[in-house]
Amino acid sequence: MSEQTFVQQLVQESLPVWEKCLHSEFLTHLADGTLDEACFKGYIVEDSLYLREYAKVFAWGMTKAKDMQTIRTYYSLLSFVNESEDAARLHYLKHFGLTDEGIQSLPLRPENRAYVDSMIEAAKNGEGAAECMMACLPCMLSYGWIFQKLLEEKPSVQDTLYGALVVDYADKGYEAACRDWAEFAEKVCEGLSDERLARCREIFHACSEHELNFWAMAASPRSDL
């Protein structure tokens, strides 16, 4: 058996947390079609606000980039997030009578704010691309893993209101993009000192825990919608 890469090790170490995400109250009810629409409405709003802050993580990465290829990689990641995730997200906002512009003044809930602040801090204060990617990867990779598992376990979810979201993240195109992101992360982590690798591992694991907190938060509807 071939030795695991650094990113593969991080994923393996975080799988217990991702399993908890998969079986969180929000995703359990989403999978079986019993999720309160008010909770899903709150999730879509929270996710929209999250993605706005997520883009800033890449912006910090760009400011520390030492070559154009790194900048192009960040740009492609940001473009993918905007183009692939926006279609379903905007569809759901419209379904709930909301607009992207209209929700921008809403505050992030504490769990969401703690998460995005953690990512931005890692990218802003880190030495370069490695820290930035460690902050971004848990969201990217866990979503692909979680929604593929969810679709396998509950294929009937495709026929519910929430099917479009699930199918988006379980899609082969998203899986391929995740592989590209992981490969880039492997590349920027090559040859790092043990101390910096330890910091990268710490960031990855912390952001996986933030993912779990985000899903737990989503089980309750927002009070301001």
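The values are calculated or read from the model by the stated rules, or taken from the named source; none is laboratory data. Note that the structure is a prediction, hence the values are computed from the model and not measured. Cβ sites come from the backbone with ideal geometry, for glycine too, and all protein chains shown count toward neighbours. To get the accessible areas, we keep the full protein, side chains included, count just its heavy atoms, and leave off ligands, DNA and RNA. Shrake-Rupley method; radii C 1.70, N 1.55, O 1.52, S 1.80 Å.
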Query raised in the report: Of [x] 17.9, 56; [y] 17.2, 66; [z] 17.1, 52, which one was derived for Rg and Dmax of the Cα atoms in Å from the structure shown?
Result: [z]
Query raised in the report: Hey, what angle do you get for helix 129-153 against the long axis of the chain, alpha-carbon based, 0 to 90 degrees rounded to 10?
Result: 40 degrees
Query raised in the report: Going from most exposed to least, what order do ASP100, ASP180, ASP32, ASP194 have by accessible area with a 1.4 Å probe?
Result: ASP194, ASP180, ASP32, ASP100
Query raised in the report: Percent of accessible area on the chain owned by carbon and sulfur, 1.4 Å probe?
Result: 53 percent
Query raised in the report: Among LEU212, VAL188, LEU225, whose Cα sits farthest toward the positive end of the charge dipole of segment 180-225 (+1 at Cβ of Lys/Arg, -1 at Cβ of Asp/Glu, about the Cα centre)?
Result: LEU225
Query raised in the report: In Å², what does the accessible area per residue of segment 117-191 work out to with a 1.4 Å probe?
Result: 42 Å²
Query raised in the report: Ignoring ligands, DNA and RNA, what accessible area per residue does segment 1-69 give at 1.4 Å, in Å²?
Result: 48 Å²
**Report entry** Residue of ASP168, ASP67, ASP36 that the Gaussian network model of the chain assigns the largest fluctuation, springs spanning Cα pairs under 10 Å
**Finding:** ASP67
Query raised in the report: About its Cα centre, how strong a charge dipole does the chain have in debye, to the nearest 20, once Lys and Arg get +1 and Asp and Glu get -1 at the Cβ?
Result: 440 debye
Query raised in the report: Which residue, ARG113, ARG89, ARG72, tops the fluctuation ranking in a GNM of the chain built on C-alpha contacts under 10 Å?
Result: ARG72
